[in-house]
Amino acid sequence: MKKRRLETMLAAILCSIAISAAAAAEEPIKVGVLHSLSGTMAISETTLKDTVLMMVEQQNAKGGLLGRKLEAVVVDPASDWPLFAEKARQLLEKDRVAVVFGCWTSVSRKSVLPVFEELDGLLFYPVQYEGEESSKNVFYTGAAPNQQAIPAVEYLMDEIGVERWVLAGTDYVYPRTTNKILEAFLKSKGVKEADIMINYTPFGHSDWQSIVSDIKKFGSAGKKTAVVSTINGDANVPFYKELGNQGVSAEDIPVVAFSVGEEELSGIDTKPLVGHLAAWNYFQSVDAPVNAAFIEKWHAFIGSPKRVTNDPMEATYIGFNMWVEAVKAAGTTDPSAVQKAIIGVEVPNLSGGRSTMLANHHITKPVLIGEIQEDGQFATVWETDGLVPGDAWSDYLPESKVIEADWTSKLDCGNYNTRTKKCSGQNY
Amino acid sequence: MHRPVSTYVTFSCHHRIGAALRGGGVQRTLLCLALALVFGGAARASTDGFESMLGELAGKSFRRKSEAIQAIADSGHPAAPRILRALLESRAFFAPESERLLLDVADSGEGVVVDAITGEATRVAFESGRRKIVLNNAMRRLLRSLVARAGLASRDPRERRQAIKELMGRDDPEIQALLREALEIEQARDVRSLLETAIAIGALREDDADAGSDAEARLRAIEALSGSLHNESRIALDGLLTRLESRQSKSSEEEAQIGAIREAIDAIDRRKVGFEILETLFFGVSLGFVLVLAAIGLAITFGVMGVINMAHGEMIMLGAYSTWSVQQLMPHHLESSVLVAIPVAFLVSALVGVAIERGVVRFLYGRPLETLLATFGISLFLQQSVRTIFSPLNRAVASPSWMSGQWVLNDAFALNYNRLWIIVFSALVFAALIGVLHRTRLGLQIRAVAQNRAMARAMGVRGARIDAITFGLGSGIAGLAGVALSQLTNVGPNLGQAHIVDSFMVVVFGGVGNLWGTLVAGLTLGVTNKLLEPFAGAVLAKILVLVFIILFIQRRPRGLFPQQGRSAEA
Amino acid sequence: MTSVANRTVASRLAGHHDLLVTGALGIAVLVVPILALTVPEGSALHLSTFSVTLLGKYLCFALLALAVDLVWGYCGILSLGHGAFFALGGYAMGMYLMRQIGDRGVYGNPILPDFMVFLDWQELPWYWWGFSSFPFSMAMVVAVPGLLALVFGWFAFRSRVNGVYLSIITQALTYALLLAFFRNEMGFGGNNGLTDFKEILGFDLQADATRVGLFVTTALVLIASYTVTRGVVSSRFGRVLVAIRDAEDRMRFLGYRTEHYKLWAFVLSGVIAGVAGALYVPQVGIINPGEFAPLNSIELVIWVAIGGRGTLHGAIVGAILVNFAKTWFTGLLPEAWLFVLGALFVMGTLFLPRGLVGLVSRRER
């Protein structure tokens, strides 16, 4: 009985889709937002949802796009990875969105990837990640490892004179890959095996007593030691608290983190953290008029002058503007036209420069190293001379360095193997 | 040197003159003179020059700021020590309009700001747009060493000790000379021994050509470091050993040194092993008490009342949010806010607990599995409420200074104050709970209702009221756990979920309905986890503990301390 | 627990419900392919791929709920770890699908899956052997969860672990597996799990026909499992199970080896859950350790409770309805759907002690 009622309901939904599809021409352009609003990842992703909503509002205030208004379609994939795939399909197939901004974790991106490839949608992914991917349908506006991890380690090595390394991470793919790349990089620079300590912890690890004490011991061997942290989200607060309490100061053993930004710091008592480092492509403290304007708009939109901005927000900002420019250039929101038009599109980033969409669907970005200040902001202590182009396939992994991604007509392939001259792993 | 002596005296010793009359004062003043000589490198700057150095500090370039700091130290200006210390403690501001450097003088009262040069209180403090001077690690390191050099002459033996520790093991002949001079006049026994160690370390690090003439002294230095727990001792010994061993031909003296070094290192390692075991045990006990604290509320709601309370974690979360709210309400009383939060968190969680019991759970007694479903729904509801009210972001709960840092016994062994306090707090809560349950009338009634509801009611116990109080008590204690956890981990909507599974494990492992069981179980699991961690790594250690629980329950299907008698069958 | 009177009513109505459930599923098996494949797109009656995979997912969950209801509803074993069997079945299927990719991975390595290549694995771990064969993999789908249930159940029931103790150690089991599968050294892809599947038995997984095929398979398996479990619970064996649920000690005094009965029910349930997982993976396209999360296992117990415990058809109804509500509200009220879901669970237990089907059967009585 219940079953039958269910089917009537489903049929009703389907009817409404069909009707709405017919009237699509006059309707606004739909923009999908696929960020978790509940569950473990809501902590990070909710802000990005708000960022997209703000960008949509601003674009509409400017008169929309191609003479049509934009309309955001928000769904909640609830930090549940299969649900991400389901919601992606719903956005593309049911809501017929022109583009989707979404995902944070790698697993959520991996989960939706086949859906975007099958239905030929567009996904803008705004978070730093481990690389080793270039899909026709995904645009990676966060940092690849060569835009974050490698410059950070170079800074520590050349400017601070670090000789001993602790690679500490949460046990999942991003830290594993990044640490693999860093290990290869460090060894290529002559660092000995004995001077590298690698440590993995489970998600949400909260008792750091033993590990911090080990790091302290490892760092007391008379050589300058630094910790490269790929510790994820929630585990950071207890980690830094323990560092502070065990008296590991940034002057003695600096910790450089790739997942700790302004927003994470706003949830930590920053006093004991002053001087620890983070590597990003953007800091809220960057002194640029475009950044000041963005922060002002953000505060007005969110209704609180205390809210911070962070790197993934900047990546969302860049991605959104790139999409807008590409749509303008293509004159249509049709995904395949936008895919062609977007390569080479250049838009301002928030650190005062301009970022370009590359043929491998990654973008050019500056790399900044900042030290944590007491107010939860970063003071930039170093930055790359120019923009660093994102490299989808790392040059420090043996199997990956032979692979190239180029979505222009030259190769039209995300994983072209230069050794076998073959384009493998394509789903279309 | 072309500077007038009086400048040196005023530089770092102006506060010393009064002390000169007391014992050792004269020598210490002389040390001051020596220190000032070491500091002096550049010419005495004019006041204008000094002001422009201060102006540099407000700039953007870290390189120029570092140079300015060095210049300030070299200037010998009377205000220099004050400024350097304030910079290091990040109490220095720049007022852009009047172009003056201001210092926040924390120890002379709340919010007093003085002018950096004159040291007088100033109104400029309220000038708009005052900016904190931004430092980087290199500058902080420089400041630390500059301040430490001045600290050698401090009147406070603690500051002297700290200064020696900071300077220990630095390859700087000037510092070695300073330390030797300090030793000559030092009278406090512990400071002397620290100085001797520092000098011995320095002796080992000296260039071999210089030391070659005095092999005897070097041997003495090696022996002085035998069993020393300072990290620098071990580093210096290791360094010398490698240098000596790499030599092609060794003299008999060098052979003797190598032997002595090996013995010294062995002695150090032997002592360290003992401390390492102690440290691991402490880690285990402190983790254990955190588990106990998180689980003990559940031991009441689940263990005593039989409600499979999935909302227990959210009660902890509410306690943590209460701590945060209290801190927001009393921003100027950080030190005491955590203490105020204790009763607040208890009340908030207890009231929510009572509301849950009256609103939902009371309809479900005797159907324990359905309480699981209903409380799971409540936990979702509470989580999302917190997300809506407080935002999904984590909240920063500051630690008061009495819970920060470590109680350092030596370089090999130190205990975190926050862990120590949480152990104490947890033990007190446990004792109080046992007291309430076994020594009060209310406790008697709670136990009576838990054992046999019908009989208790027949004896005149108001069952419904007792149920509500018991559930409130369990929830309130979960709130207390939230206060403690806010000092260790994230305060966010996921806080509760992170602890619910562990809490159930602890309660079940200990034996449902037995508080002592919960205590023993929590400590056992904590210590086991920490003993396994060094060998197995954090992830595997946790898995092994879970497997251990599963196997243990096979041996003792009702936990460590099974309930006896009729109520056990419920 | 459930009153004797209700028991008899339920058994009287059982046949009636069997017809409804199998009938509805049978109709779905016939109608869905027609609507999805033959009705042209754009027609109001066309069933989109989205809806087909969604329905397929619901049916997998229904199968899982059925497994839980068998042990909980009829045997009194509240397992808070059934997600583990589901996920293990899913992983077995996922491993087969991974091996099917062959050299079409991004690195073009014919032996190693992509996640092993870039983390520098040199050879395939021994436990991956054989998964290139479909029959072997299907055997593993059944054997791995079945074996785990057998070993775990044998120890637990022999030691007479019951009630909440059993619930909590099943939770410990799934939690330990969650942590283990998160470890990258395990060789199951860590947090990312297994993904990027291409084909099953040579059929393209992205093709509509394959999806419909998977849906039909799921529906048929559900019908078969329903029939089998119904058969089990109506047999003498099933009546012993119910008696054990209501008074285990008495049954033991009567000379029944209660642990054997419980063990077989538990193993059967574990196998069904594993099969559900295996059907789930190709339809959602990913299997990762998140499926082991203790909260997932608790949630699926709630589906059964909402639908109506100890009825079998109630489990199916509950799983489908709760998940449908979830889909509906996560799209409709993305910010507030947890309030709705939470309220649903609380109200459900307070006002529908025998679940939704209890509501219906009471009215019919």
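Tabulated data
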read-out: 0 to 90° range, to nearest 10: angle between helix C:82-101 axis and chain C longest Cα axis; value: 20
read-out: Long-range HN-HN contacts of A:LEU37 with modeled amide H, under 5 Å; value: A:ALA78, A:SER79
read-out: C-alpha long axis of helix B:252-298 to longest principal axis of chain B, angle in °; value: 30
read-out: Taking the convex hull of Cα positions in segment C:205-301, its mean projected area over all directions (nm²); value: 7.6
read-out: Tensor-based shape of chain C (alpha-carbon gyration tensor, a/c under 1.5 rounded, otherwise prolate or oblate); value: oblate
read-out: Percent accessible area from carbon and sulfur atoms, segment C:2-290, protein chains only, probe 1.4 Å; value: 68
read-out: Amide H contacts under 5 Å for C:ILE200, placed H, 5+ residues apart; value: C:LEU205
read-out: Heavy atoms of B:LEU523: accessible area, 1.4 Å probe, square angstrom to 10; value: 50
read-out: Cα-Cα pairs of segment B:59-153 separated by more than 19 Å (percent); value: 39
read-out: Candidate residues A:ASP311, A:ASP395: accessible-area rank, largest first, probe 1.4 Å; value: A:ASP395, A:ASP311
read-out: Relative contact order computed over chain B (Cα-Cα under 8 Å; 6+ residues apart), in percent; value: 14
read-out: Per-residue [θ]222 nm for chain B (sum of -39500 (n - 2.57) over DSSP H runs n ≥ 4, rounded to 500); value: -22500 deg cm²/dmol
read-out: Crossing angle, helix B:189-205 versus chain B [Cα axis fit, 0-90 degrees, rounded to tens]; value: 70
read-out: Average beta carbon contacts from partner chains per residue of C:278-287, 10 Å cutoff; value: 4
read-out: Projected area, mean over directions - chain B, Cα convex hull, nm²; value: 34.7
read-out: Heavy-atom accessible area, 1.4 Å probe, ligands and nucleic acids excluded: residues of segment C:309-339 down by at least 30 Å² from chain alone; value: C:ILE320, C:LEU321, C:PHE324, C:TRP328, C:THR330, C:GLY331, C:PRO334, C:GLU335, C:TRP337, C:LEU338, C:PHE339
read-out: Relative contact order (%) - segment C:242-365, alpha-carbon pairs under 8 angstrom, separation at least six; value: 20
read-out: Theoretical FRET efficiency, 1/(1+(r/R0)^6), r = Cβ-Cβ of B:VAL105 and B:LEU428, R0 45 Å, to 0.05; value: 0.75
read-out: Relative contact order (percent, whole number), segment B:59-153, Cα cutoff 8 Å, 6+ residue spacing; value: 30
read-out: Equivalent ellipsoid semi-axes, segment C:260-331, via Cα gyration tensor eigenvalues times 5, rooted, Å; value: 22, 18, 11
read-out: Amide hydrogen neighbours beyond the local backbone of A:VAL99, cut-off 5 Å, H modeled; value: A:GLY32
read-out: Along each principal axis, Cα extent of segment B:160-249, largest first, Å; value: 43, 24, 21
read-out: Proximal lysines relative to A:LYS422, as straight alpha-carbon distance under 20 Å, when same-chain residues fewer than 8 apart are discounted; value: A:LYS136, A:LYS401, A:LYS410, C:LYS198
read-out: C:ASP103-B:ARG158 pseudo-label distance in nm [points 7 Å out on the Cα-to-Cβ vector]; value: 7.2
read-out: Residues of chain B: accessible area per residue with a 1.4 Å probe, Å²; value: 43
read-out: Among the listed pairs A:LYS306/B:LYS132; A:LYS180/A:LYS365; A:LYS223/B:LYS530, those beyond 25 Å (Cα-Cα); value: A:LYS223/B:LYS530
read-out: Candidate aspartates and glutamates - alpha carbon under 17 Å from A:LYS340, same-chain residues fewer than 8 apart omitted; value: A:GLU117, A:ASP120, A:GLU325, A:ASP406, A:ASP412
read-out: Buried on assembly, segment C:195-230 (at least 40 Å² less accessible surface than by itself, 1.4 Å probe); value: C:THR195, C:ASP196, C:GLN206
read-out: Low-density loop positions, trypsin sites (Lys or Arg not before Pro), segment A:43-96 - DSSP coil, at most 11 other Cβ in 10 Å; value: A:LYS62
read-out: Per-pair calculated FRET efficiency, R0 = 45 Å: C:SER235 and A:ALA292 via Cβ, rounded to 0.05; value: 0.05
read-out: Where only C-alpha atoms are counted, convex hull volume of the protein assembly as shown per residue in Å³; value: 194
read-out: Share of carbon and sulfur in the accessible heavy-atom surface of segment B:271-371 [1.4 Å probe, %]; value: 75
read-out: Selection of trypsin sites (Lys or Arg not before Pro), segment B:450-486, meeting DSSP coil and at most 14 other Cβ within 10 Å; value: B:ARG462
read-out: Cross-link table A:LYS217/B:LYS272; A:LYS69/A:LYS297; A:LYS297/B:LYS60; A:LYS30/A:LYS94, entries beyond 18 Å C-alpha to C-alpha; value: A:LYS69/A:LYS297; A:LYS297/B:LYS60
read-out: Cβ-derived FRET efficiency at R0 35 Å, A:LYS189 paired with B:PHE535, nearest 0.05; value: 0.65
read-out: Members of segment A:187-227 that become less accessible by 40 Å² or more once partner protein chains are added (1.4 angstrom probe, chain alone as reference); value: A:PRO202, A:PHE203, A:ASP207, A:GLN209, A:SER210, A:LYS217, A:SER220
read-out: A versus C: buried accessible surface, summed, Å² (probe 1.4 Å, to nearest 100); value: 5000
read-out: Protein heavy-atom accessible area occluded, C/B pair - total, 1.4 Å probe, Å²; value: 3800
read-out: Surface share of carbon and sulfur [accessible, 1.4 angstrom probe, percent] for chain A; value: 52
read-out: Residue-averaged beta-carbon neighbours from other chains (10 angstrom radius) around A:171-184; value: 4
read-out: Chain A, helix-only ellipticity at 222 nm - DSSP H runs n ≥ 4, -39,500 (n - 2.57), divided by all residues, nearest 500; value: -11500 deg cm²/dmol
read-out: Convex hull of segment C:231-365 built on C-alpha atoms - directionally averaged projected area, nm²; value: 10.8
read-out: Heavy atoms of B:GLU533: accessible area, 1.4 Å probe, square angstrom to 10; value: 20
read-out: Pairwise burial B:A, computed as accessible area of each alone minus the pair, summed, 1.4 Å, Å²; value: 3900
read-out: Normalised convex hull volume, chain A, alpha-carbon set, Å³ per residue; value: 155
read-out: Chain C - mean residue ellipticity at 222 nm from DSSP helices (-39,500 (n - 2.57) per run, n ≥ 4, rounded to 500); value: -24000 deg cm²/dmol
read-out: From phi via Karplus (6.51, -1.76, 1.60), per-residue ³J(HN,Hα) for segment B:416-429 in Hz, x at Gly/Pro; value: 6, 5, 5, 5, 4, 5, 5, 4, 4, 4, 4, 5, 5, 4
read-out: ³J(HN,Hα) computed for each position of segment C:123-135 - Karplus, 6.51 cos²θ - 1.76 cosθ + 1.60, integer Hz, glycine/proline x; value: 9, 6, x, 4, 6, 8, 4, x, 6, 6, 9, 5, x
read-out: Within 10 Å of each Cβ in B:491-501, the average number of Cβ atoms from other chains; value: 5
read-out: Exposure ranking of B:THR470, B:THR524, B:THR122 by accessible area [1.4 Å probe, largest first]; value: B:THR524, B:THR122, B:THR470
read-out: Filtered chymotrypsin sites (Phe, Trp or Tyr not before Pro), segment C:137-246: DSSP coil and at most 10 other beta carbons within 10 Å; value: none
read-out: Reciprocal mean inverse distance between Cα atoms of segment A:163-284 - Kirkwood radius, Å; value: 14.6
read-out: From phi via Karplus (6.51, -1.76, 1.60), per-residue ³J(HN,Hα) for segment A:151-161 in Hz, x at Gly/Pro; value: x, 5, 5, 4, 4, 4, 6, 7, 8, 9, x
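The values are calculated or read from the model by the stated rules, or taken from the named source; none is laboratory data. These figures come from a predicted structure and were not determined experimentally. Because the Cβ atoms are built from the backbone with ideal geometry, glycine has one as well, and the counts that use them run over all protein chains shown. Only protein heavy atoms, including side chains, enter the accessible area calculation; ligands, DNA and RNA are left aside. Shrake-Rupley method; radii C 1.70, N 1.55, O 1.52, S 1.80 Å.
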